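Encoded as structure tokens, the structure appears first; notes follow it.
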Amino acid sequence: MIKNFLLSFPSPGKLLTGYRDRSSEIDFEVNGHIHTPYSFSAFEDMDSVFRLAEQEKISVLGINDFYVTDGYPAFHEGCVRSGIFPLFNIEFIGLMKEEQKNGIRINDPNNPGRIYFCGKGLDYPFHIGNENSAVIDRVKEETQNQLRAMISKLNELIRKVNPSLSLSFDNIRERYAHDLVRERHIAKALRFLALENFNTPEEQITFIESLYAGKKSKTGMGNPAGLENEIRSNILKAGGSAFVEEDEKSFLDIKRIINIITDAGGIPCYPVLLDDASGKFTEFEEDPEKLYMVLKDLGVGSVELIPGRNDHDILERFVDFFDKKGFVITFGTEHNTPEMIPLTVKARGGKILSKRLREINIKGASVISAHQYLRALRKPGFIDERGFPKSAEIKKFETTGKKILDYYLSKK
């Protein structure tokens, strides 16, 4: 039987009164958002996650896979074994039809109306009502149908070049994925198809280039991560010869996503894209005040950022605004591309986060930790019975969470 490690912790009363307040001394590395091999990840397996986490002295780590929680047990086990506090999260892709109709980009810079949305601090073991479980299964099946069609189109291209070669959905899932196949798995499978069927790097890249509709590779076989990104861009994304547009049934309505997250015991959280390399924002995010009002109306009191893609000063101003509004704020690295980057969270260009940003990240992790702990004890967490955040009580949750983290991490 799966058991939550939090059930072995002291009672809330003992934690709050029996352990001295060291909140002013607390400073540790938090990464609240990584994808694992259970969706797609830079990590080949779960053990490699914890090897790097231990090397970088990560103290709090959050799993954040697309649509699935299959990795929770292995993640829980690895965190406990490594003395890392686990945050149990999930990510969905939704559609806001009004924004799509009006050409408003949300947090996908290339697709108006499309929205990425996370749930933080879900119950472990994972459980959800039958209706929402069926909804998730339906959406997952729709996404897999799109990928099957994409593989079929790619095979048509491959057969024109070499009739003896092809890719198989089932083989890709078995070799490179756990359950859900994603575009990045197809790109990886194509790279290996070239690697395993042609003798020299020149022959291998010539085969891949033959699928590029006349384009030449800018990476070559010597840069596996870069080549997989290039394959995805040239063949699988919009405009590519194997691209298949997603059916609208592949996307959930934002209110349904929020309902699923709260049903699973989690905290609804909007992942912010913020500025790109040229300093531009999406239409949905360019005015923090308007963004705040939209999120407030949806009952969302948490945001998350991936600082590695943001300018440090822009990030700090944005985070300060939402911190003053009583939002739970966390940072992560994603690790949702082939490139292996550090787990330690930094801003664009490798700039170290300011003390203020680190404090806010720890504060957010503390609130989620307290939420998970109380939910494990079958007590009310940070989300009330209406599904809204208890923003007025954020300081109480922060204090409780810091005691929880101090208790756990002091045992390392």
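The values are calculated or read from the model by the stated rules, or taken from the named source; none is laboratory data. All figures in this text were calculated on a predicted structure; none of them were measured in a lab. Here the Cβ is made from the backbone with ideal geometry for all residues, glycine too, and neighbour counts use every protein chain on show.
Results, tabulated for the structure shown:
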read-out	value
Residue list for the stretch 378-404, restricted to those being surrounded by fewer than 14 Cβ atoms within 10 Å (Cβ to Cβ) and touching a residue at least 40 places away in the same chain (Cβ under 8 Å)	K379, R386, A392
Test set (1) under 19 Å from the mean Cα position of the chain (by Cα); (2) exposed (fewer than 15 other Cβ atoms within 10 Å of the Cβ); (3) over 30 Å from R375 (Cα atoms) - G214 fails condition number	(1)
Subset of the stretch 335-359 [over 19 Å from the mean Cα position of the chain (by Cα) and assigned to a helix (DSSP H, G or I)]	G349, G350, K355, R356, L357, R358, E359
Flag if F243 is of a type in the set (F, W, Y), assigned by TED's automatic domain parsing to the domain that holds E339 and not in a helix (DSSP H, G or I)	no
Some residue of the stretch 71-89 being closer than 26 Å to I186 by Cα and charged (D, E, K, R)	no
Among the residues listed as A392, A365, A370, the single one being under 27 Å from K255 (Cα atoms), over 22 Å from the mean Cα position of the chain (by Cα), outside any loop (DSSP other than H, G, I, E, B) and of a type in the set (G, A, S)	A392
K324 being surrounded by fewer than 16 Cβ atoms within 10 Å (Cβ to Cβ) and in contact (Cβ under 8 Å) with a residue 24 or more places away in the chain	no
Cross-chain or 6+ apart pairs with Cβ under 8 Å, the stretch 285-301 first and assigned by TED's automatic domain parsing to the domain that holds P112, then among the small types (G, A, S)	L295/G301; G299/G387; G301/G326; G301/S391
Of residues in the stretch 368-377 being buried (at least 24 other Cβ atoms within 10 Å of the Cβ) and in contact (Cβ under 8 Å) with a residue 40 or more places away in the chain, the one nearest to S8 (Cα to Cα)	Y373
Residues being closer than 21 Å to G239 by Cα, touching a residue at least 24 places away in the same chain (Cβ under 8 Å) and surrounded by 17 or more Cβ atoms within 10 Å (Cβ to Cβ) - total across the stretch 182-211	11
